[in-house]
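Only one structure is covered here, and it is reproduced in the block below.
The values are calculated or read from the model by the stated rules, or taken from the named source; none is laboratory data. Treat the numbers as computed from the prediction; the structure is a model and nothing was measured. All Cβ positions, even for glycine, are placed from backbone atoms using ideal geometry, and neighbour counts span all protein chains on display.
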Amino acid sequence: MPNILVTGGAGFIGANFVLLARSQKWANVVNLDKLTYASNLETLAELQNDENYHFVSGDISNLELVSYLLEQYQSDAIINFAAESHVDRSILSPEDFIQTNVVGTFKLLEASKTYWQKLSSQKQQQFRFLHVSTDEVYGSLSPTDPAFREDTPYAPNSPYAASKAASDHFVRAYYHTYGLPTLTTNCSNNYGPRQFPEKLIPLIILNALEGKSLPIYGDGQNVRDWLYVTDHCEAIYLVLKEGKVGETYNIGGLNEQTNLSVVEKICAIFDKLAPKSNFLHSSLITFVKDRPGHDRRYAIDCSKIKQELDWQPKENFDSGLLKTVQWYLDNSAWIESVRSGTYQNWIKRNYDSR
Ligand code: NAD
């Protein structure tokens, strides 16, 4: 089984990937995560006795630490999930995004290049650096524009998208300049269990649960493509195993939805779950002032990964949404720990003193 250094594996997609990698025996995993507000180690509690899983608290910008981990665990691959990932936060505080998404990725590339150059030629051919990125790097589409392809020019509009675009360019450059065997995936919006409740779907689920207002930016007609997180994780694993070095792969859900329609679908689920409540959950919908520079539409053309690697999304949006709502209903302790600050105090006690 390969040894993979996963970064950001205590966040939403990274944690889902780590759990699958261990349960499906895809790989032995070392998980390097800085444990920002968006992380939750409780998500990974079931791995605490797994001797082929190791957690390390640390920053991807720490070149020495990353170099040490690559060597120590004889890594066959590195998958970079670590990022500052929330667009609204990037508008308020872009510097954190430059530090982690751009500088951090650069440091990972540097450490990987040095490590890779010292490997035997056989191991060099097997090594992979897989960078997980977003469709937001391509900018915004009008309703009639064709979906983003891998050769769509980059046109990032938010500080988050700009920082991810910059990191993608560095990954590309390390392949072309140094021959480092890199792969990049650009994916649409993910949803599913274990997502921090600042993103649209978990925010709406938790507010609906508490009967609070359901905020939607602008007129609610912004369109996103939604992919169930497990489908994304499986696509990443496939690209890691079979993707052509130096290439990028778009990953999408073939599932364009307006934000309003997503929220209405969640409301309909709650109406069914609580049929005796004396109001329709859609009455909680509130339109709020739009996000500055809010991209109108994202859509992904994922025909390349379908044709070359035979991947396509499996989860249907309605059933995936139902499963997601059910997960949040079943995991109130997880929600409470993320929201109450208990978790942040726990991190402080366990990691800040080291
Ligand atoms: P997330 O915010 O839920 O998790 C990010 C994780 O990275 C957290 O555990 C955090 O502690 C860690 N981290 C942040 N800075 C770090 C640093 N300097 N060093 C080490 N760890 C650090 O993000 P996510 O939604 O799981 O996204 C994972 C990746 O996928 C990101 O690169 C993101 O750009 C990309 N992506 C996300 C989506 C989506 O819909 N969520 C879609 C496409 C691509």
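For this structure, a couple of remarks:
- Evaluation of residue 205 against (1) farther than 21 Å from residue 281 by Cβ; (2) crowded, with 21+ Cβ neighbours inside 10 Å (one fails), failing number: (1)
- Residue list for region 1-58, filter: farther than 23 Å from residue 74 by Cβ and either touching a Ser or Thr at 6+ places or on another chain (Cβ under 6 Å) or acidic (Asp, Glu) (or both): 11, 15, 35, 42, 46
- Only one entry in 21, 38 is in contact (Cβ under 8 Å) with a residue 40 or more places away in the chain, more than 11 Å from the ligand (Cβ to nearest atom), of a type in the set (Gly, Ala, Ser) and closer than 15 Å to residue 132 by Cβ, namely 21.
- Given (1) under 22 Å from residue 335 (Cα atoms); (2) near the ligand (Cβ under 10 Å from one of its atoms), index of the condition residue 205 fails: (2)
- Unique residue being among the β-branched types (Val, Ile, Thr) and part of a loop (DSSP other than H, G, I, E, B) when the list is 245, 262: 245
- Hits in region 312-328 (condition: among the polar types (S, T, N, Q) and over 25 Å from residue 250 (Cα atoms)): 326
- Just one of the listed residues (243, 252) is under 30 Å from residue 310 (Cβ atoms), over 15 Å from the mean Cα position of the chain (by Cα) and touching a residue at least 60 places away in the same chain (Cβ under 8 Å), namely 243.
- Flag for residue 10 being under 22 Å from residue 339 (Cβ atoms), near the ligand (Cβ under 9 Å from one of its atoms) and at pLDDT 95 or above: yes
- Residues (of a type in the set (Asp, Glu) and either more than 17 Å from residue 190 (Cα to Cα) or within 20 Å of the chain's Cα centre (by Cα) (or both)) located in region 307-333: 308, 310, 315, 330
- Qualifying position, being among the basic types (Lys, Arg), within 14 Å of the ligand (Cβ to nearest atom) and more than 28 Å from residue 286 (Cα to Cα), among 199, 164: 164
- Sole exception among (1) surrounded by fewer than 17 Cβ atoms within 10 Å (Cβ to Cβ); (2) closer than 20 Å to residue 229 by Cβ for residue 36, by number: (1)
- Take the conditions (1) touching a residue at least 60 places away in the same chain (Cβ under 8 Å); (2) farther than 19 Å from residue 83 by Cα; (3) not polar (S, T, N, Q); residue 151 misses just one of them, which is (1).
- Cross-chain or 6+ apart pairs with Cβ under 7 Å, region 221-232 first and under 20 Å from residue 24 (Cα atoms), then hydroxyl-bearing (Ser, Thr, Tyr): 228/191; 229/191
- Selection of region 106-163 for residues being among the aliphatic types (A, V, I, L, M) and closer than 26 Å to residue 303 by Cα yields 130, 132, 137, 141, 147, 155, 161, 162.
- Subset of region 105-137 [of a type in the set (Gly, Ala, Ser), over 19 Å from the mean Cα position of the chain (by Cα) and within 13 Å of the ligand (Cβ to nearest atom)]: 111
- Failed criterion for residue 179 (all others in (1) surrounded by 20 or more Cβ atoms within 10 Å (Cβ to Cβ); (2) more than 15 Å from the ligand (Cβ to nearest atom); (3) at positive phi; (4) not aliphatic (A, V, I, L, M) hold): (1)
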